[in-house]
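In what follows, a structure is listed as structure tokens, so that the remarks can point back to it.
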Amino acid sequence: MNTINHWINNGYTEGAEASIERADVTNPASGVVSGQVAMAGQDTVNEAVAAAKTAFPAWRDTSLSKRTQILFRYRELLNERKEELAALITAEHGKVLDDALGEVMRGLEVVEYACSMPNLLKGGYTENASTKVDVHSKRQPLGPVAIISPFNFPAMVPMWFFPIAIAAGNTVVIKPSEKDPSAVNWEAELWKEAGLPDGVFNVVHGGKPAVDALLEHDDIKSVSFVGSTPIAKYVYETATAHGKRVQALGGAKNHMVVLPDADLDLVADNAINAGFGSAGERCMAISALVAVGEIADELVEKIAHRARNLRTGDGTRGTDMGPLVTSEHRDKVAGYIDAGEKEGATVVVDGREGEFDADGDGFFVGPTLFDHVATDMTIYNEEIFGPVLSVLRVDTYDEALDLVNANPYGNGTAIFTNDGGAARRFENEIEVGMIGINVPIPVPMAYYSFGGWKNSLFGDTHAHGAEGVQFFTRGKAVTTRWADPSHGGINLGFPQNQ
């Protein structure tokens, strides 16, 4: 049985607790338990934070040149060995190998962005702001920072945060999902190989006790979180109450609005890709397609034809779609399909049926397509996080706009049209943080920032890009005057900026 331990001070440890609790890690394609992960309590979290706190002064004062050399080395190692990491992701999460490799490459973009930290941290300088008085600004790291990451992107989401945090001079304690913990441990080993000093990157595994210990720890300066909206809100409220800077990215209900002039074959292809990729376990997955006008019947037929031809099974076998992450989540998604059918939506393609290309008892639900979905149905109002695509029908663009803007989530949305004026209007009027124009999953490049609006984000700072650099640093303004030989005397008057 594979044992997955914590990583503190550049080495593995079972943790500080006298009684070591462990949780099973399962291959979701087969249902077979592949390992056990140590579950941290307060003592182990304290040990990891202490390591990060001890390492911080030296890492903060390490030159930008040295820090970026380590970043570049990490980037090269990750690029050389990306297939290893992709295989780990598939073994514990279940997504197909090509998708896992794509996840690694998108995370690598943030590493590459962080390699430009010497330029990103440049301050400003004003000479003679007042007579013989100069002013300059600088940005400095926060200290030990915490990252709490979800199961659906065990490599990419942590990489939204830790390359920028480390390059900016912070030290890190990360708690990955206990469902697929090995990817972050693998990245920790890679950091050590790249030359990162002891204590700069630490990993603790666990559940709510480990999360709470990080949220409440006096020495943790910021918290970065990605997960469901209820937990994101809890993380934000708890961590801010303990004086921390917080970026907590929550759930989503992402819409694809399709106007009558759109290329319906292109739309159908993209609806399949965005709705069923990674078995729908993406915070940016399209789960609600809004068909405007008379196109719905034809579009639903095209999507259904494609969905029925997808092959679902073990992600190592060249399938199109893999399993869900756990048996409990599989049952939850199947329950949503039951609810949609009971509440009157039309089941066009039923993922509860069919055969799956896998050995053993994997956690599979096939692509599922609903038509005639209403906004008061459970499958519309809740984030399913599975391969379930709902089609809603409206008569006009304005109805589609109002429908999307009325939703409590504001993570991502897309519009498909050949009308530039309509697309420009949509871009301006939609109340969503990330928008795609004929792009179904509008995840921005690393040098832009990722994050939504409304109940999809708690805190005012998005991930990576310029906002990520701002989040992991704080500004100082320094006013300087050096006396020259002719200066002297006492003047008790209030300084005048002349």
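The values are calculated or read from the model by the stated rules, or taken from the named source; none is laboratory data. The structure displayed is predicted, hence computed values, not measured ones. Glycine also receives a Cβ, built like all others from the backbone with ideal geometry; neighbour counts cover every protein chain displayed. These accessible areas exclude ligands, DNA and RNA; they are computed on the full protein's heavy atoms, side chains included. Shrake-Rupley method; radii C 1.70, N 1.55, O 1.52, S 1.80 Å.
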Helix-only [θ]222 nm of the chain, DSSP H runs n ≥ 4, -39500 (n - 2.57) each, per residue, nearest 500:
-11500 deg cm²/dmol
Starting from the alpha-carbon convex hull of the range 327-447, give the projected area averaged over all orientations, in nm².
9.9
Packing-wise, with mean Cβ within 10 Å as the measure, how do 341-353, 107-119 rank, highest first?
107-119, 341-353
Of the candidates 375, 322, 365, the farthest towards the positive dipole end of the range 273-407 (Lys/Arg Cβ +1, Asp/Glu Cβ -1, centred on the Cα centre) is 322
Distance between modelled label sites at residue 3 and residue 311, nm, 7 Å Cα→Cβ extension:
4.0
Pair residue 398, residue 381: separation of 7 Å Cα→Cβ label points (nm)
2.7
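Place a +1 charge on the Cβ of each Lys and Arg in the range 12-69 and a -1 charge on the Cβ of each Asp and Glu, then give the dipole magnitude about the Cα centre in debye, rounded to the nearest 20.
Working: 5 positive and 7 negative charges, 95 e Å.
Using Cβ point charges on Lys, Arg, Asp and Glu, the range 12-69 gives about 460 debye.
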Provide, as a two-decimal number, the C-alpha radius of gyration of the range 302-366 over 2.2 N^0.38 Å, N being how many residues it has.
1.15
Could you give the distance between the Cα centres of the range 44-61 and the range 277-348, to the whole Å?
44
Directionally averaged projected area (convex hull, Cα atoms, the range 378-498), nm²:
14.7
Report Rg(Cα)/(2.2 N^0.38 Å) for the range 172-212, keeping two decimals.
1.20
Using the Cα centre of the range 375-498 as origin and beta-carbon charges of +1 (Lys, Arg) and -1 (Asp, Glu), tell me which of 464, 434, 396 is placed farthest towards the positive end of the dipole.
464
Enter the angle in degrees (range 0 to 90, nearest 10) between the Cα long axis of helix 229-241 and the first principal axis of the Cα atoms of the chain, meaning the one along which they spread out most.
20
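Could you estimate the translational diffusion coefficient of the range 264-305 from the Stokes-Einstein equation, with Rh from the Kirkwood formula over C-alpha pairs, at 25 °C and 0.890 mPa s, in whole µm²/s? Could the numbers behind the result be given before it?
On the way: Rh = 10.7 Å.
Once the numbers are plugged in, D ends up at 230 µm²/s.
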Distance violations [Cα-Cα > 28 Å] among 175/233; 138/454; 253/342; 95/342; 122/253
138/454; 95/342; 122/253
What Rg and what Dmax come out for the range 107-175 when only alpha-carbon atoms are used, in angstroms?
16.6, 57
The chain, relative contact order in percent, only Cα pairs under 8 angstrom and at least six apart counted
18
Whole-percent pair-distance distribution, where bins are 10 Å wide, for the alpha carbons of the range 66-196:
12, 39, 27, 11, 6, 3, 0
Residues residue 65 and residue 32, FRET efficiency given R0 of 60 Å [Cβ-Cβ distance, rounded to 0.05]
0.80
Roughly what angle does helix 97-114 make with the longest principal axis of the chain, taking Cα atoms, 0 to 90 degrees, to the nearest 10?
20
When the accessible area of the range 284-386 is computed with all protein chains present and a 1.4 Å probe, what percentage of it is carbon and sulfur?
41
Mean Cβ neighbour count within 10 Å, used as a protection proxy, ranking 192-199, 312-319, 395-402 highest first
312-319, 192-199, 395-402
I'd like to know which of 36, 51, 15 lies farthest towards the positive end of the charge dipole of the range 1-61, counting +1 on Cβ of Lys and Arg and -1 on Cβ of Asp and Glu.
51
Taking R0 as 30 Å, what FRET efficiency do you get between residue 133 and residue 240 from their Cβ-Cβ distance, rounded to the nearest 0.05?
0.25
If you roll a 1.4 Å probe over the range 83-136 with all protein chains in place, what percent of the accessible area is carbon or sulfur?
54
Using the Cα centre of the chain as the reference point, and only Cβ charges (+1 on K/R, -1 on D/E), how large is the resulting charge dipole? Debye, rounded to the nearest 20.
2460
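Just to check, using Stokes-Einstein with a Kirkwood Rh over alpha carbon pairs, what's the diffusion coefficient of the range 147-267 at 4 °C and 1.567 mPa s in µm²/s?
82
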From a point 7 Å beyond the Cα of residue 474 in the direction of its Cβ, which residues of the range 228-245 have a backbone N at a distance under 13 Å?
243-245
Per 5 Å bin from zero, what fraction in whole % of the C-alpha pairs of the range 1-146 is there, up to the bin with the longest pair?
2, 8, 10, 12, 14, 16, 14, 9, 5, 3, 2, 2, 1, 1, 0
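Quick check for me: using +1 on Lys/Arg Cβ and -1 on Asp/Glu Cβ, what's the dipole size of the range 130-189 about its Cα centre, in debye to the nearest 20?
On the way: 5 positive and 5 negative charges, 74 e Å.
I would put it at about 360 debye.
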Quarter of the surface of the C-alpha convex hull for the chain, i.e. direction-averaged projected area in nm², equals 27.8
Separation of alpha-carbon centers, the range 374-393 and the range 401-469, rounded to whole Å
19
Surrounding charge for residue 175, neighbours by C-beta under 14 angstrom, Lys/Arg +1, Asp/Glu -1, total -4
